[in-house]
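Below is one structure; the comments refer to it alone.
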Amino acid sequence: MPFFASLKSAPFRYGLLLAMLVLAVSPDAQAQSFCASDGQPRQVALMERFINADCGDCWSDPATPVPGKNAVALDWVIPGNQGDDAPLSAVATRDALSRLEALKKSVPVKTTTARHAIKGIQGARLRVAHGLPVSGYLGASIELRPISSAARQPLTAWLALVETLPVGLEGSPVERNLVRNVLMRTWDGRKQLSKDEQNRLFESRSMNIAPAASPDRLRVIGWVEDAQGRVLLAAQSRCAVP
């Protein structure tokens, strides 16, 4: 059965995840229990590819842009005017509309791409991590540490749960990081921390896994923006080879 058709026929799964949040955020947990951005190269660019769900041919377009070295790409599928009859409706998410609004971009008839050079935050590092899927949920986290002088500003943290799909799936000419769920939080780096608080900005949540997403292909990509919407840091999790 074709990939998008199989997604439409899959049942929705429910569940709650509590203990896995600990595994997602603790560097001391066993390596096979969580995946993180630890040891990954510093990302220098973030590419966001948006596809209107009405455009079935856009998924297999040979002109699909490809990220450069040490750059990460996200794939957002936007709900189309055809609703559930749209060719890509099975993987469309309203989170894509929210992201376009944040970027001050209109909904494309077919596709649009946003490219961000990563500015960096001197003296600070971004870490993302996730645990193992449990009952349709996955614990994930994003952390900025330490809160250096350059990080003391209003920030927005984005954490995307993505399914990494191989080249050739449904004719795609590129590997895709299909956005399945998104967490967005506002951080205020100007806040004074108490002596008992750690010198970090941190968020962890249990994220729902979209119907028919393959748990073995899930990971997280996170980034931090300043008040002007400029991407300052980005990170992606990678699971160690068993």
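Structural remarks
- The set of residues from segment 79-99 being closer than 24 Å to residue 237 by Cα and touching a Pro at 6+ places or on another chain (Cβ under 9 Å) comprises 92, 93, 94, 96.
- Any hit, segment 217-226, residues being buried (at least 19 other Cβ atoms within 10 Å of the Cβ), more than 22 Å from residue 100 (Cα to Cα) and not basic (Lys, Arg): yes
- Across segment 166-193, the qualifying residues are those that are surrounded by 15 or more Cβ atoms within 10 Å (Cβ to Cβ) and of a type in the set (S, T, N, Q), and the one among them that is farthest from residue 153 (Cα to Cα) is 172.
- Residue that is nearest to residue 225 (Cα to Cα), among those in segment 93-107 that are part of a loop (DSSP other than H, G, I, E, B) and open to solvent by 30 Å² or more (accessible area, probe 1.4 Å): 103
- Candidate set from segment 44-60 (those that are in a loop (DSSP other than H, G, I, E, B) and more than 30 Å from residue 233 (Cβ to Cβ)); member that is most open to solvent (accessible area, probe 1.4 Å): 54
- Within segment 194-211, considering residues that are part of a strand (DSSP E or B) and open to solvent by less than 50 Å² (accessible area, probe 1.4 Å), the one farthest from residue 3 (Cα to Cα): 201
- Residue tally, condition within 21 Å of the chain's Cα centre (by Cα), part of a loop (DSSP other than H, G, I, E, B) and in contact (Cβ under 8 Å) with a residue 60 or more places away in the chain, over segment 144-174: 3
- Residue that is touching a Gly at 6+ places or on another chain (Cβ under 9 Å) and of a type outside the set (Phe, Trp, Tyr), where the choices are 97, 126: 126
- Against the criterion of being within 21 Å of residue 48 (Cβ to Cβ), without any contact (Cβ under 8 Å) to a residue 60 or more places away in the chain and in a strand (DSSP E or B), residue 187 qualifies.
- Any hit, segment 74-88, residues being under 19 Å from the mean Cα position of the chain (by Cα), open to solvent by 20 Å² or more (accessible area, probe 1.4 Å) and farther than 25 Å from residue 215 by Cα: no
- Subset of segment 108-136 [open to solvent by 70 Å² or more (accessible area, probe 1.4 Å), outside any loop (DSSP other than H, G, I, E, B) and over 23 Å from residue 156 (Cβ atoms)]: 111
The values are calculated or read from the model by the stated rules, or taken from the named source; none is laboratory data. None of the values given here were measured: they were computed from a predicted structure. Positions of Cβ are backbone-derived with ideal geometry, glycine not excepted, and every protein chain shown enters the neighbour counts. All accessible areas refer to the heavy atoms of the entire protein, side chains included, with ligands and DNA or RNA removed. Shrake-Rupley method; radii C 1.70, N 1.55, O 1.52, S 1.80 Å.
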